[in-house]
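Heads up, the thing below is written out as structure tokens.
The values are calculated or read from the model by the stated rules, or taken from the named source; none is laboratory data. Every value quoted in this text rests on a predicted model; they were computed, and no experiment measured them. Backbone-built Cβ (ideal geometry, glycine too); neighbour counts: all protein chains shown. SASA here: full protein model, heavy atoms, side chains in, ligands and nucleic acids out. Shrake-Rupley method; radii C 1.70, N 1.55, O 1.52, S 1.80 Å.
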Amino acid sequence: MANDEVIALTATSERPASTISGYAMLILLLLAIVADAYGINRLANGSDGLALPAVILGTSVFILVLPGFYMLQPNQAAAITLFGEYRGTDRTTGLRWTWPWMGKHKLSVRANNFISEKIKVNDLRGNPIEMAAQIVWRVIDTAQALFDVDDYKQFVRVQVEAAIRTIGSRYPYDDFEHQEVTLRGNHDQVGAELRTELQARLAVAGITVDECGFTHLAYAQEIAGAMLRRQQAQAVVAARKTLVEGAVGMVEMALDALSEKNVVELDDERRAAMVSNLMVVLCGERDTQPVVNTGTLYT
């Protein structure tokens, strides 16, 4: 705009509509038909002072009442409008009636299940990953869903993809040291944050999210092989580290026990040889073969 002013969205909120039960109006419609039949029959048999008014009244009531009927099923609502102006929402199930010049826009307020397509996202460390999510959503404000967004179902699809990209770029896919919140290792926490993100994005459309979670989470194909080898290497290093730490502790415990019980006196060279042999036995990938030493360390 020329004056840099931005016109804000005119927010709409749901309110009850002024409608009545359709069963009472159905009785009135039947009475109008009876009046029409009576008047037509009287006119056919001869002129009668009440025949013509009965036909006119019955026909007028029939034309006025018949277009006003509509039916609502459980968890279904109808937004009532008058020449484009929102006049309220009817959520009462069964046969309903309102004035025929009122517009009636039905929509479902039932739970909907949506599974997104797999999308490629860069995680916190820049690694391309594939993500997809499943959400359960429903309309809680019919006025916002119909009048504050153009197509609320398409709006849900677009916002789900945007929320997945936001959450996916906020965390790394994996952290082998378990020091960070990751997409793969913290499903509950990340899923709860995704639900919060979706709630904030879909509030403008009068939609709430009951449940959400990831249905697909993996590295992109172009780096999947490399990342698998990286994970395997990290697992081997971690396993070796744990194995060495345990072996050192066992060797230390063995030397301390031998010294405390005076089983054998070991000088530095014998201690070094014993440590070397124990480390080979404990850290070797294959089973060791025992060798009987009939001599001494010095011969």
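What is the residue count in segment 61-82 for residues that are in contact with an Asp or Glu (Cβ under 8 Å, 6 or more places away or on another chain) and closer than 15 Å to TYR23 by Cα?
Here the count works out to 2.
Test TYR70 against the stated conditions and say whether it is out of contact with any helix residue (DSSP H, G or I) (no Cβ under 9 Å at 6 or more places or on another chain), modelled with pLDDT of 90 or more and aromatic (Phe, Trp, Tyr). Walk me through it before giving the result.
On the way: out of contact with any helix residue (DSSP H, G or I) (no Cβ under 9 Å at 6 or more places or on another chain): no; modelled with pLDDT of 90 or more: yes; aromatic (Phe, Trp, Tyr): yes.
When the stated conditions are applied, TYR70 does not pass them.
Looking at ARG110 and the list (1) in a loop (DSSP other than H, G, I, E, B); (2) surrounded by 14 or more Cβ atoms within 10 Å (Cβ to Cβ), which single condition is not satisfied?
The one condition ARG110 does not meet is (2).
In segment 156-194, how many residues are without any contact (Cβ under 8 Å) to a residue 24 or more places away in the chain and under 11 Å from the mean Cα position of the chain (by Cα)? So that I can check it myself, show each step before the final result.
Of all residues in segment 156-194, those without any contact (Cβ under 8 Å) to a residue 24 or more places away in the chain come to 158, 175, 177-182, 185-186, 188-189, 191-192.
Cutting the leftovers down to under 11 Å from the mean Cα position of the chain (by Cα) gives us 191-192.
Residues that pass the stated criteria total 2.
Right, ALA145: open to solvent by less than 30 Å² (accessible area, probe 1.4 Å) and in a helix (DSSP H, G or I) or not?
Details: open to solvent by less than 30 Å² (accessible area, probe 1.4 Å): yes; in a helix (DSSP H, G or I): yes.
Yes, satisfied.
When residues of segment 115-142 are filtered for being closer than 30 Å to ARG15 by Cβ and either open to solvent by 40 Å² or more (accessible area, probe 1.4 Å) or not aromatic (Phe, Trp, Tyr) (or both), how many remain? Working first, answer last.
If we filter segment 115-142 for residues that are closer than 30 Å to ARG15 by Cβ, which is where we start, we get 135-142.
Those left that are additionally either open to solvent by 40 Å² or more (accessible area, probe 1.4 Å) or not aromatic (Phe, Trp, Tyr) (or both): 135-136, 138-142.
Qualifying residue count, segment 115-142: 7.
Identify all residues within segment 6-22 that are within 22 Å of LEU66 (Cα to Cα) and open to solvent by less than 80 Å² (accessible area, probe 1.4 Å); write none if there are none. Don't jump to the end; show me each part of the working.
Kept after step one, since they are within 22 Å of LEU66 (Cα to Cα), are these residues of segment 6-22: 17-22.
Listed by number, the residues that qualify are ALA17, THR19, ILE20, SER21, GLY22.
In segment 156-188, what residues are open to solvent by less than 50 Å² (accessible area, probe 1.4 Å), modelled with pLDDT of 90 or more and not polar (S, T, N, Q)?
If the condition is that a residue be open to solvent by less than 50 Å² (accessible area, probe 1.4 Å), modelled with pLDDT of 90 or more and not polar (S, T, N, Q), then VAL156, VAL160, ALA162, ALA163, ILE164, ILE167 are the ones that fit.
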